[in-house]
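*Asks:* Pasting a structure below so you can have a look.
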Amino acid sequence: MQMTSSPDNKTDLKNISLPELADLLESLGLPGSRARHIFAWLMRPGNHELNRMEELKKEIKDKLSTKARISTLTPATVEESRDGTRKYAFSLDDRSHIESVLIPEGDRHTLCLSSQVGCAMACTFCLTGTMGFKRNLQPSEIVNQVLAVMEDMVARGIKRGTHREFINNLVFMGMGEPLANYNNLIRALTILMTEEGLGFTERRVTVSTCGIAPRILTLGQDARVNLAISLHAADDDVRNTIMPVNSSYGVDELLAACRGYPLAKKRIVLVEYILLKDVNDSPDQARLLAAKLVDLPCRINLLPYNECEDAPYSRPAEETILAFQKILRDAGYTTLIRQSRGSDISAACGQLAGQSNLRRD
């Protein structure tokens with residue numbers, strides 16, 4: 001992997017893996033054996049300045065500081081939902097904006113991460129798609145979302161035995177298509193999953209895609225994580241109208257890639273399905289979905305549409321939602337109806353748009 005430098009030609013230490021950090025140290029005539037200690041320190045919330053790393057000799061800190069820097073993210077604004085969901089808006093160095101969402105479940109927390117500024121996929125039900133694509137996030141901008149949220153949790157008095165226990169699960173379901181920012185995604189996953197750092201395991205990380213089929217197979221080779229697909233229609237004609245990506249990778253090609261994805265023992269593919277009134281919510285669509293998913297170890301998450309002013313869709317009636325679920329359950333699929341979290345602060349699925357009007361905490 002090629003190291004990413006900042007405009008001042010200093011290497012951002014949040015952009016590089018543990019082996020790359022060792023290489024950097026050795027290139028400066030410093031002991032590469034110190035890389036594990038430095039990397040672990042970098043992956044702790046609140047550690048922003050090398051000169052505050054007490055365990056490191058001053059001569060090492062001074063020399064490293066001539067060639068490297070530590071980037072950070074600080075929430076520009078934060079909003080908390082009635083259900084406890086928190087949405088963080090981050091302003092980046094180029095004045096772009098992204099959002100992350102922290103979802104509490106009792107003492108456990110799931111963090112929804114963004115991978116791009118905007119999105120090029122243009123799914124018609126998603127507000128992020130209305131932004132268009134601005135740019136890919138750097139690995140550091142992905143990693144720093146995690147650390148910034150952890151810092152906020154510490155500041156709010158949340159206590160855990162170790163730093164690893166603050167966030168239980170990471171889901172790449174925020175702004176952007178993760179597999180369209182593939183190289184930076186893999187680098188960020190490598191950093192986040194390194195044992196010496198935050199140590200997220202494959203069971204605790206989920207990458208969601210709208211359907212870039214060739215990259216699904218590559219992901220299975222380059223990173224061991226849970227896979228989620230935003231399917232939303234089992235019929236190519238319907239899916240073409242709501243998800244332009246389907247014109248490149250149709251339903252059958254997408255599901256074939258999912259069947260080829262290397263799943264760990266007892267793991268499944270998560271199939272996300274937004275229910276849009278009179279679009280993809282009919283009994284025939286449910287039966288077609290059941291037929292298409294045969295032989296794919298999966299769980300189906302039904303997401304009744306979160307209505308937005310600027311989108312031409314409505315949420316189906318409750319009886320329609322339940323009937324759709326029953327058809328899938330009767331066909332033998334574990335099928336859950338996901339309750340929207342954070343919809344009152346536009347933090348629910350499909351509502352992130354990087355233009356939050358939030359209170360400042």
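*Asks:* When only C-alpha pairs under 8 Å and at least 6 residues apart count, what is the relative contact order of the chain, in percent?
*Replies:* Once divided by the residue count of the chain, the mean separation gives 17 percent.
*Asks:* Go through P139, P104, N47 and say which Cα lies farthest out towards the positive end of the charge dipole of the chain; charges sit on Cβ, +1 for Lys and Arg, -1 for Asp and Glu.
*Replies:* Result: N47.
*Asks:* Could you tell me which GluC sites (Glu not before Pro) in the range 53-86 are loop residues by DSSP with no more than 15 other beta carbons within 10 angstrom of their beta carbon?
*Replies:* The qualifying sites are E54, E55.
*Asks:* How much mean residue ellipticity at 222 nm does the chain get from its helices, if each DSSP H run of length 4 or more adds -39500 (n - 2.57) and you divide by all residues, to the nearest 500 deg cm²/dmol? Before the final figure, lay out each step's value.
*Replies:* Working: 11 runs with 108 residues, N = 361.
My calculation for the chain gives -8500 deg cm²/dmol from helical runs alone.
*Asks:* Hey, rough spin-label estimate for S314 and N168, points 7 angstrom out along Cα→Cβ, what's it come to in nanometres?
*Replies:* Taking the simple label geometry, S314 and N168 are separated by 3.7 nm.
*Asks:* Report, as a whole number in µm² per second, the diffusion coefficient that Stokes-Einstein gives for the chain at 4 °C and 1.567 mPa s using the Kirkwood radius over alpha carbon pairs. Walk me through the numbers on the way to the answer.
*Replies:* Values: Rh = 21.4 Å.
The diffusion coefficient I find is 61 µm²/s.
*Asks:* Hey, what do the phi angles of the range 99-110 turn into as Karplus ³J(HN,Hα) couplings, whole Hz, using 6.51/-1.76/1.60 and θ = phi - 60°, x for Gly and Pro?
*Replies:* Working through the residues one at a time gives 9, 10, 10, 9, 10, x, 9, x, 8, 9, 9, 10 Hz.
*Asks:* Cβ under 11 Å from K159's Cβ, K159 left aside: what net charge do those residues give with Lys, Arg +1 and Asp, Glu -1?
*Replies:* Counting the neighbours of K159, the net charge comes to 0.
*Asks:* Magnitude of the Cβ-charge dipole of the range 121-197, K/R +1 and D/E -1, about the Cα centre, nearest 20 debye?
*Replies:* 140
*Asks:* Any idea how far apart S27 and N47 come out in nm if each label point goes 7 Å out from Cα toward Cβ?
*Replies:* Reported label-point gap for S27 and N47 is 2.1 nm.
*Asks:* Okay, moving on. Please identify every one of the trypsin sites (Lys or Arg not before Pro) in the range 39-144 that sits in a loop by DSSP and has no more than 16 other beta carbons within 10 Å of its own beta carbon. List each step's numbers first, then the result.
*Replies:* On the way: sites: R52, K57, K58, K61, K63, K67, R69, R82, R86, K87, R95, R108, K134, R135; in loops: K57, K67, R82, R95.
Counting only loop positions with at most 16 other Cβ atoms within 10 Å, the trypsin sites (Lys or Arg not before Pro) in the range 39-144 are K57, K67, R82, R95.
*Asks:* Sort all Cα-Cα distances of the range 168-216 into consecutive 10 angstrom bins from zero, then give the percent of pairs in each bin up to the one containing the longest distance.
*Replies:* 25, 54, 20, 1
*Asks:* Need the list of lysines near K63 for cross-linking: C-alpha distance under 20 angstrom, and skip anything on the same chain fewer than eight residues off.
*Replies:* Counting by Cα, and skipping residues close in sequence, K63 has these lysines nearby: K10, K14.
*Asks:* Find how much the distance from V294 to S247 grows on full extension, using 0.36 nm per residue of separation minus their present alpha carbon separation; answer in nm with one decimal.
*Replies:* Gain on stretching V294 to S247: 14.7 nm.
*Asks:* With the contact rule set at Cα under 8 Å and sequence spacing of 6 or more, what percent relative contact order holds for the range 20-80?
*Replies:* Reported as a whole number, the value is 25 percent.
*Asks:* List every residue whose amide H lies under 5 Å from the amide H of L276, counting only residues 5 or more places away in sequence or on a different chain, with H placed 1.01 Å from N in the peptide plane.
*Replies:* Here D281 satisfy the definition.
*Asks:* Once the other residues with Cβ under 9 Å from the Cβ of R267 are scored (Lys, Arg +1; Asp, Glu -1), what is the net sum?
*Replies:* +2
Rule-based calculations on the coordinates, nothing more; no lab input. Just so we're clear, the structure is a prediction, and the values are computed from it rather than from any experiment. Reconstructed Cβ throughout: ideal geometry from the backbone, glycine too, with neighbour counts over all protein chains shown.
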